[in-house]
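The values are calculated or read from the model by the stated rules, or taken from the named source; none is laboratory data. The shown structure was predicted, so the numbers you read here are calculated from the model rather than taken from an experiment. Here the Cβ positions follow ideal geometry from the backbone for every residue, glycine too, while neighbour counts run over all protein chains shown.
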Amino acid sequence: MEHMLNHLYLKKESIETLQQNWRKEPKFAHLMLTKIFSKEAYKEKEKEIKKLFYKRQSRPDAFSYAIAKAASMHIFDQKELHNFLSIILERPVQGILGDAFYYSWKDYTVLNRKTQEKTGIDIIFDFTQEWQEEWGGSIVYKNEKGAYLKLLPTPNTLIIVERKNTQKYIQYINNLSKGKKRYLLIGTVKTKA
């Protein structure tokens, strides 16, 4: 059977290192796994995410982006992914609920008390190619004490972040992006306590 995830992350030594790194992050438990898919699998998934039917949504005081249902990509429902996350997080993963997004010029999300998320674990697949930091579009997590975690656009990356009294936002994408799009799959992991 062909693995969806990079076989290097499935090795015993890698898993042990990931578990240790997950547990030792005091402010923001997070992992950023680059080259998560094989080159072939990544190219296939990248084509799929770009072909989804996106609908523009905007509420000026909260967000502007395009959203699509990610179910047809069958990433979030992969048993291999659930098993991998269960081992890393050291708790059984029951499922992942999420959507596909793209952000382009003038898109953003903002910190807003109305959009406060409950404690949970985010899983983000980044499909953004050739992106410059000065264009904006970074994912930022900020906790109640003002500490923050800034995640720069990195293609073929899996990001796992635990939210505890934390909000996230996507930085405003400015005109320097010149029509490029930032593609993300963003989901929330459902675990058993």
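Restricting attention to segment 1-11, which residues are of a type in the set (Ser, Thr, Tyr) and outside any helix (DSSP H, G or I)?
none
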*Scan segment 145-193 for residues that are within 19 Å of residue 108 (Cβ to Cβ), under 12 Å from the mean Cα position of the chain (by Cα) and among the charged types (D, E, K, R) and jot them down.*
168, 182
*segment 100-119, residues that are of a type outside the set (Val, Ile, Thr) and surrounded by fewer than 16 Cβ atoms within 10 Å (Cβ to Cβ)*: 106, 111, 112, 113, 114, 116, 117, 118
_If a residue must be closer than 12 Å to residue 177 by Cα and either free of Cβ contacts under 8 Å to residues at least 40 places away in the same chain or in contact with a helix residue (DSSP H, G or I) (Cβ under 9 Å, 6 or more places away or on another chain) (or both), how many such residues does segment 130-143 contain?_
7
*If you take the residues in segment 25-51 that are of a type in the set (Ser, Thr, Tyr) and either closer than 16 Å to residue 124 by Cβ or touching a helix residue (DSSP H, G or I) at 6+ places or on another chain (Cβ under 6 Å) (or both), which one is surrounded by the fewest Cβ atoms within 10 Å (Cβ to Cβ)?*
34
*asked:* Exactly one condition in (1) surrounded by 13 or more Cβ atoms within 10 Å (Cβ to Cβ); (2) within 19 Å of residue 126 (Cβ to Cβ); (3) at pLDDT below 95 is false for residue 54; which is it?
replied: (3)
